Amino acid sequence: MAEPWYVRAFGAAYSAVYAHRDDAAAAAEAAFAARVLGAPGARLLDAACGGGRHARALCAAGAHVVGLDLSADLLRAARAAAGGPHYVRGDLRALPFARAAFDGVASFFTSFGYFDDAGNARQLREFRRVLRPAGRLLLDYLNAAHVAATLVPRSERQVAGARIVEERAIRGGRVEKRVRIEPEVGRPRTWTESVRLYDGAALCGVVQEAGFVVRDVRGDLGGGELAAASPRCVVVAEAA
């Protein structure tokens, strides 16, 4: 049986595709999350932490942070960067933590929608399980209206000597991106990313069904108003 796309995609080559997303950008993006989640002194989970950029920023804001990811390669990079968080390998649908272990959960950079609807619902229920009563969730997701209006079918760029080709389409209620990395030396690497495309109302609905009360919806990680042209759909919810 073939590996799921999210196992193939988040290997060592993934960081090259998103090399422009650095610690400085993460610090700015995490500032709003730190305020929403009550960062000073709070126990926070960065779910799907990748290389740990946001986890380090939340630590710098005074939180006690655990970063969780399935990718051994990205966790290795996160640990090498140090910066304060504790890192754990695990699946978003079966979090290896006790009930009510955290005051807040942060999910950055569209780390939701990877699975089928049942799997996505399990992920949200796990977020609810590990949160204390009235604990907060910040879910940073794509804005479906913006994606549909601005989707670029194909693009190419050069990063650190490698040619990166990205092809995008919306199929069957999911936004898909085929990525091909062609290094100057070595074999090309190809994978396809596939994320369930929830509009704002549907996203809030599945969050509520998982045991949350939606408190706010923003259009970016700076806390801007949500509009059709907003780049993100950032849901702030409280564990009921």
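The values are calculated or read from the model by the stated rules, or taken from the named source; none is laboratory data. Just so it is clear, the model here is predicted, and its values are computed rather than measured. All Cβ positions, even for glycine, are placed from backbone atoms using ideal geometry, and neighbour counts span all protein chains on display. Areas reflect the complete protein model, heavy atoms only, side chains present, ligands, DNA and RNA absent. Shrake-Rupley method; radii C 1.70, N 1.55, O 1.52, S 1.80 Å.
Counting residues that are in contact with a helix residue (DSSP H, G or I) (Cβ under 7 Å, 6 or more places away or on another chain) and hydrophobic (A, V, I, L, M, F, W, C), which strands (runs of 3 or more DSSP E) fully inside region 171-240 reach at least 3? The strands (runs of 3 or more DSSP E) meeting that bar are 174-182, 212-218, 232-239. Of everything in region 103-137 that is among the aromatic types (Phe, Trp, Tyr) and open to solvent by less than 10 Å² (accessible area, probe 1.4 Å), the residue that is nearest to Leu197 (Cα to Cα) is Phe112.
Give the residue, chosen from Ala227, Ala149, that is over 27 Å from Ala27 (Cβ atoms) and at pLDDT 95 or above.
Ala149
Out of Ala239, Ala202, one residue alone is surrounded by fewer than 17 Cβ atoms within 10 Å (Cβ to Cβ) and either within 20 Å of Glu126 (Cα to Cα) or touching a Gly at 6+ places or on another chain (Cβ under 6 Å) (or both). It is Ala202.
Just one of the numbered conditions (1) surrounded by fewer than 11 Cβ atoms within 10 Å (Cβ to Cβ); (2) in contact (Cβ under 8 Å) with a residue 24 or more places away in the chain; (3) assigned to a strand (DSSP E or B) is not true of Ala149: (3).
Just one of the listed residues (Val165, Val159, Val179) is closer than 14 Å to Ala13 by Cα and open to solvent by 20 Å² or more (accessible area, probe 1.4 Å), namely Val159. When region 90-100 is filtered for residues that are over 13 Å from the mean Cα position of the chain (by Cα) and open to solvent by less than 30 Å² (accessible area, probe 1.4 Å), the ones remaining, listed by number, are Gly90, Leu95. Selection within region 52-73: residues that are touching a Phe, Trp or Tyr at 6+ places or on another chain (Cβ under 9 Å) and over 19 Å from Phe97 (Cβ atoms). The member of this set that is surrounded by the most Cβ atoms within 10 Å (Cβ to Cβ) is Arg53.
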